[in-house]
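The values are calculated or read from the model by the stated rules, or taken from the named source; none is laboratory data. Everything numeric here is computed off the predicted structure, so don't read it as measured data. Using ideal geometry, Cβ is built from the backbone for each residue, glycine included, and neighbour counts are taken over all protein chains shown. Only protein heavy atoms, including side chains, enter the accessible area calculation; ligands, DNA and RNA are left aside. Shrake-Rupley method; radii C 1.70, N 1.55, O 1.52, S 1.80 Å.
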Amino acid sequence: MDFIPSLPVLLAFAAATLLLALTPGPDMTLSINKALKEGRVAGLAVLIGTNLGLCVHTMLVAFGVSALIVASPTAFMILKTGGAAYLFWIAVMAIRKGSNFVLEAEARTERRRGRVRAAIASGFWVNLLNPKIIIFFMTFLPQFVEAGDPNVTGKLIFLGFTFIAVALLPTIAIVVAADRLSGWLMAHKRVLRAIDYLFAGVFSLFAVKILLTHGR
């Protein structure tokens, strides 16, 4: 069990993770938006996708692939361009379809499986194509591993999955809280439409920030 950090390190890591979990980002914004407009299941499906993306990032950091991507100007440019384009696309879809994309009860039942898969995929790509997450994981996780530690790879993997586990409870709570508002929003279409435009604006801002992100 040499890959498990000491208890003081784990406690410090958990505290930092809880604070970071409450920091707004594309993943949290997307899960809240899905929960508000499509219900708790869609919001939780996005969380599954975003955490799958974090699993991939954890492995990339642990085995040094993320460092290679950040160090390569071409690879980093391709990644951030793709990530920004995907966020812009989500913003456009929010304006084009928005609250009209919410189906009636019968249709929602028929298409729920497909919509859940789509929500998982959206969450996954939002995190996987975000170069800011690569840089974050590269700078955050190693702070809790001593230089020269022979078990550095195992500890980075353990910390990455611990990050996911610790952040899961508060993010689920946020999605459930958003779901409580969904019924009221369905009865107030103008407010729901305003949220569409707000969501599109926030995601466009995230896309711009990604384009301005620098590697090494």
Subject >> Straight-distance crosslink candidates among lysines, where the alpha carbon sits under 25 Å from Lys80 and sequence neighbours closer than 8 are dropped >> reply: Lys34, Lys132, Lys209
Original post:
Which of the DSSP-defined H helices in the chain satisfy a minimum axial length of 20 Å, computed from C-alpha atoms, and a minimum mean Kyte-Doolittle hydropathy of -1.0?
Top reply: 7-21, 40-62, 73-96, 105-128, 152-186, 189-211
Original post:
(1) 18.4, 59; (2) 22.6, 68; (3) 17.8, 55: which one is Rg and Dmax of the Cα atoms in Å as calculated from this entry?
Top reply: (1)
**OP:** Give me the distance between the Cα centres of the range 1-80 and the range 137-210, rounded to whole Å.
**Re:** 7 Å
Original post:
So what is the accessible area of the chain per residue, in Å², with the probe set to 1.4 Å?
Top reply: 53 Å²
**OP:** Which order do the peptides 40-50, 116-126 take when ranked by the mean count of other beta-carbon atoms within 10 Å per residue, highest first?
**Re:** 40-50, 116-126
Original post:
Once fully extended, how much extra length lies between Thr139 and Leu198, figured as 0.36 nm per residue of separation less the alpha-carbon to alpha-carbon distance?
Top reply: 18.2 nm
